[in-house]
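Shown next, in structure tokens, is the structure this report addresses.
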Amino acid sequence: MRFDTPIYFRSLENGSYNADTGDYEPDTVTEDAVFADVTESRVDTLKMIYGDIKQGCYTVRLQNIYRKPFDLIRIGEKLYRADYERKLRTKHIFVVSEVK
């Protein structure tokens, strides 16, 4: 396994209310970069998680456990949602599907 694909754990923080203007501040997005092994998910994995074959699903493996809270994962220019997560002793595995 090669952990050579940069992925970005994306956190969205809602803007706070500004009493002076009466508007909400814009949302802020923060990203945390990590290198991972990204492969297409196998058919039996997709059937186990989704009950059917689903396009745009990947298995993401990390060398260490990722402990920070996140909303989405960005791989390249596309956003993905973590549908399944498994923590092993030192590794962290996600099955992600594309968000449209």
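The values are calculated or read from the model by the stated rules, or taken from the named source; none is laboratory data. These numbers come from a predicted model, not from an experiment. Here the Cβ is made from the backbone with ideal geometry for all residues, glycine too, and neighbour counts use every protein chain on show. What goes into the accessible areas is simple: the full protein's heavy atoms, side chains included, and nothing from ligands, DNA or RNA. Shrake-Rupley method; radii C 1.70, N 1.55, O 1.52, S 1.80 Å.
What's the FRET efficiency of residue 68 with residue 4 using the Cβ-Cβ distance as r and R₀ = 22 Å, to the nearest 0.05? Intermediate results must be reported in sequence, preceding the final value.
Values: r = 22 Å, r/R0 = 0.99.
Between residue 68 and residue 4 the formula returns 0.50.
So with the 1.4 Å probe, I'd like the accessible area per residue for the chain, rounded to whole Å². Walk me through the intermediate numbers first.
Details: 7170 Å² over 100 residues.
Here the per-residue accessible area is 72 Å².
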(request) Please name whichever of 19, 50, 69 sits farthest to the positive end of the charge dipole of the chain, dipole taken about the Cα centre and charges placed at Cβ: Lys and Arg +1, Asp and Glu -1. (result) 50
(message) Modelling each spin label as a point 7 Å along the Cα-to-Cβ direction, I'd like the residue 85/residue 31 distance in nm, to one decimal.
(response) 2.0 nm
(request) With +1 on each Lys and Arg Cβ and -1 on each Asp and Glu Cβ, and nothing else charged, work out how big the dipole of the chain is about its Cα centre, in Debye to the nearest 20. (result) 820 debye
(request) Considering only protein heavy atoms, with the full assembly of protein chains and a 1.4 angstrom probe, order 91, 78 by accessible area, largest first. (result) 78, 91
(message) Out of the total accessible area of the chain (probe 1.4 Å, heavy atoms of protein only), what percent is carbon and sulfur?
(response) 47 percent
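In deg cm²/dmol, rounded to 500, what helix-only [θ] at 222 nm does the chain give when every DSSP H run of at least 4 residues adds -39500 (n - 2.57) and the total is split over its residues?
Working: 1 runs with 8 residues, N = 100.
One gets -2000 deg cm²/dmol as the mean residue ellipticity at 222 nm.
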(request) Taking every Cα atom in the chain, find the radius of gyration and the maximum pairwise distance Dmax, and write them in Å. (result) 16.2, 55
